[in-house]
Amino acid sequence: MMKKRKIWIDTDLSVGMTRHKREGYCDVDDGFAVLQLMKAENIEICGISAVFGNTVIENAYSLSHYMSREFAKNKIPVFKGAGEAIDLNNVQTNNAVEALAKTLKSHPMTIMAIGPATNIGLLLLKYPELKDQINEVVLVAGRRKPTDYFKIGNMGNHAQDLNFDLDTDAFRVMFELGVSVTLCPFEISNKVWVKQADLDQLASSGDQGNIWLAEASQAWLQQWLAQGAKGFNPFDVLASHYIISPEDIVSESLNARLEIHPDDTIKDNDQKIFKQYLLCDKGQGFTVKYCYDVVADYHDRLLRSFLD
């Protein structure tokens, strides 16, 4: 029998949700990542923990339950995690942190953290002795230089490095405790596109998970097209694909550190508004695996992971 990798999913699922801070729709790529892992024959999902991020914690928690119930026969336990970033002056646990700690005490796991890493940071602050039970934390964050902008479309708009930006302390905790970290940043995800033809294939596959994801992705796709893009980048699916088939992902060893620079998401900033950046290069810092490219036929491999 195939030995399955034990995986814990920590996610800010927001598929089909409207934004809670401004007009428009939320990201759908987290749904692609979770569904891809659910379909993978070499993966055992031990649990799903919800976290705030693309949407409020209540929405992420509800969607996590929905995906477990509808596409995994309710066999994957779901737990409610952090609704805001770590407060170092008042570190509080939650149901997700306790469930993750209990599971790690029984066996090692890889954690795919595709929202803010708050639950992982809280776990490590509360239970630092469990760090060696974590095989790897796979995250969607980072860049090489502060001028490596996350460009969305061709209208001059830059996206945030949202998972990092929403809880920088969580990343610092992971680095300082020496946890094995793999980053799937914008540098790799912006080389992968999901277009209308891809959604049409998913919709016509007859698979209920694919059909749901294709329908829920329509509004998100239209937002990207309106920005001058040719489709949308499925950011989080690079993390799930790396976990399932690391041979499809090109990576290198770099060192990560936090630096402060002007906020590139604000136009005409004029050196007035600054923020922290997660930078990765050969300089000083904490060693990470940095994913930066995909194999030549990656798009076909991605689609096959949903359709086969």
For Pro108, all conditions in the list (1) surrounded by 14 or more Cβ atoms within 10 Å (Cβ to Cβ); (2) in contact with an Asp or Glu (Cβ under 9 Å, 6 or more places away or on another chain) hold save one; what is the number of the exception?
(1)
The range 272-291 - residue that is assigned to a loop (DSSP other than H, G, I, E, B) and modelled with pLDDT of 95 or more and, of those, nearest to Asn190 (Cα to Cα):
Lys282
Of the residues in the range 14-44, those that are under 14 Å from the mean Cα position of the chain (by Cα) and in a helix (DSSP H, G or I) number 9
Select, from Phe71, Phe32, the only residue that is farther than 24 Å from Pro128 by Cβ, in contact with a Pro (Cβ under 9 Å, 6 or more places away or on another chain) and of a type in the set (Phe, Trp, Tyr).
Phe32
Just to verify a result, which residue in the range 185-212, among those that are more than 18 Å from Met112 (Cα to Cα), among the hydrophobic types (A, V, I, L, M, F, W, C) and outside any loop (DSSP other than H, G, I, E, B), is most open to solvent (accessible area, probe 1.4 Å)?
Ala197
Can you tell me which residues in the range 231-254 are open to solvent by 20 Å² or more (accessible area, probe 1.4 Å) and either β-branched (Val, Ile, Thr) or touching a residue at least 24 places away in the same chain (Cβ under 8 Å) (or both)?
Phe235, Ile244, Ser245, Glu247, Val250, Ser251, Glu252, Ser253
Restricting to the range 89-105, name every residue that is open to solvent by 80 Å² or more (accessible area, probe 1.4 Å) and either under 19 Å from Asp132 (Cα atoms) or in a helix (DSSP H, G or I) (or both).
Asn95, Lys102, Lys105
Pairs, first on the phi > 0 side of the Ramachandran plot in the range 218-229, second open to solvent by less than 60 Å² (accessible area, probe 1.4 Å), C-beta under 8 Å, six or more apart:
Gly228/Gly153
Looking across the range 255-271 at residues that are in a loop (DSSP other than H, G, I, E, B) and not charged (D, E, K, R), the single one that is surrounded by the most Cβ atoms within 10 Å (Cβ to Cβ) is Thr265
Here the residues within the range 20-31 that are farther than 15 Å from Val138 by Cβ and either of a type in the set (Ser, Thr, Tyr) or in contact (Cβ under 8 Å) with a residue 24 or more places away in the chain (or both) are His20, Gly24, Tyr25, Cys26, Asp27, Val28, Gly31
Might you let me know whether the range 213-230 holds any residue that is open to solvent by less than 60 Å² (accessible area, probe 1.4 Å), closer than 23 Å to Glu41 by Cβ and among the hydroxyl-bearing types (Ser, Thr, Tyr)?
no
Condition first: charged (D, E, K, R) and in contact with a Cys (Cβ under 7 Å, 6 or more places away or on another chain). Can you find one or more residues in the range 18-39 that meet it?
yes
Single residue of the range 25-83 satisfying the filter (of a type in the set (Phe, Trp, Tyr) and modelled with pLDDT of 95 or more) that is least open to solvent (accessible area, probe 1.4 Å):
Phe32
Quick one: in the range 283-298, which of the residues that are over 16 Å from the mean Cα position of the chain (by Cα) and open to solvent by 70 Å² or more (accessible area, probe 1.4 Å) is nearest to Val192 (Cα to Cα)?
Ala296
Of all residues in the range 163-178, which are buried (at least 20 other Cβ atoms within 10 Å of the Cβ), in a loop (DSSP other than H, G, I, E, B) and in contact with a helix residue (DSSP H, G or I) (Cβ under 7 Å, 6 or more places away or on another chain)?
Asp167
Residue in the range 108-161 that is farthest from Asp27 (Cα to Cα), counting only those that are under 17 Å from the mean Cα position of the chain (by Cα) and part of a helix (DSSP H, G or I):
Gly121
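The values are calculated or read from the model by the stated rules, or taken from the named source; none is laboratory data. Fair warning: this is a prediction, and the values are worked out from it, not measured in the lab. Please note: Cβ atoms are built from the backbone with ideal geometry, for glycine as well, and neighbour counts cover all protein chains shown. The accessibility values were calculated without ligands, DNA or RNA, using every heavy atom of the protein model including side chains. Shrake-Rupley method; radii C 1.70, N 1.55, O 1.52, S 1.80 Å.
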